[in-house]
Amino acid sequence: MSGEKSGVTAALETVLQEGEVPAHVAVIMDGNGRWARRRGLPRWEGHRAGMTAVRETIEGAVEAGVAHLTLYAFSDENWFRPSMEVEALMTLLQEYVRSQREALVGHGVRVTVFGDRLRLPEEARQAISELEASTEGGTVLEVHLAISYGSRAELAGVARTLAQRCLEGELAPEEIDAELFAAELLTRDWPDPDLLVRTSGEQRISNFLLWQLAYAELFVTDVLWPDFTRGHFFGALVDYRRRERRFGLVKT
Ligand code: IPE
Ligand code: IPE
Ligand code: MG
């Protein structure tokens, strides 16, 4: 235990000493179902255990000085899971808000939620609105929760908005470029992620931030989400430091 502790501290020290902490880390929190199955538990127990990993990651991000943390909590496609699992996830979301609100405020975290919240049940919608309102003053870390989010739907929405503006004569099609397009994304107020972490070993994007991840560094770990700790998070940050980002340019 103490050995593990000191390893975590050492990783954090490396991250802090050497600078170059990514400004924005995005995480695909995957593997809750497998975690539960391995223990002979129902899937929702895996989702519940995943809340500890959310807390660990947020606190780790605060300690490391990350400015933006985006967490993929529920995708557009996840709506098609068995209704019992979807209901359990919605209930857990409310439980998360109730149990974590005070701690988040205490850490100076500001939480914003993006995605199609109109599809959420009324109580879940209310819970996230309350969470956003009560953490509004947070200035240490911005946590962005992707809930009922799908990147293709987001991009289709941008196309729709721009088409409408053209029809209204406010915009000419030839004026549309990447910058104008990005200004209509749900994430328009934040920088693009520098680092994408995915747990549980899957090497795919699963309809997450397709536009925004254009030049993100990818870090996949086999650790299942409920087992993910701040030590694992610092490990990803240390690995990020070794990357050489090029953005399509020639190395100088
Ligand atoms: C991630 O864990 C949580 C959500 C997608 C809501 P999964 O539920 O996808 O877990 P696995 O991939 O089946 O192990
Ligand atoms: C991605 O995980 C969505 C979230 C983590 C919320 P999934 O488990 O839904 O993705 P696939 O099905 O493995 O691609
Ligand atoms: Mg999964």
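The values are calculated or read from the model by the stated rules, or taken from the named source; none is laboratory data. Note that this is a predicted model, so its numbers are computed, not measured. So basically every Cβ, Gly included, is an ideal-geometry build from the backbone, and we count neighbours across all protein chains shown. The protein model used for the area step is the full one, side chains on, heavy atoms only, and it has no ligands, DNA or RNA in it. Shrake-Rupley method; radii C 1.70, N 1.55, O 1.52, S 1.80 Å.
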What does the convex hull of the Cα atoms of the chain come to per residue, in Å³, rounded to a whole number?
152
Quick query: amide H of Val111 versus all other amide H atoms, modeled in the peptide plane; which residues come in under 5 Å with a sequence gap of 5 or more or a different chain?
Thr135, Val143
Å² of accessible area per residue within the chain, as computed with a 1.4 Å probe and no ligands counted
52
What ranking do 164-174, 65-75, 149-159, 82-92 get when scored by the average of other Cβ atoms within 10 Å per residue, highest first?
65-75, 149-159, 82-92, 164-174
A 1.4 Å probe over the protein heavy atoms gives the chain a carbon and sulfur accessible-area percentage of 51
Long-range amide H partners of Arg198 with built H, under 5 Å
Ile28, Phe219, Val220, Thr221
Region 1-77: GluC sites (Glu not before Pro) falling in loop per DSSP and having at most 16 other Cβ within 10 Å:
Glu20
Mind pulling up the Rg/Rh value for region 18-160? Radius of gyration and Kirkwood radius, both on Cα.
0.97
Gyration tensor (Cα) of region 170-252, equivalent ellipsoid semi-axes in angstrom
30, 17, 11
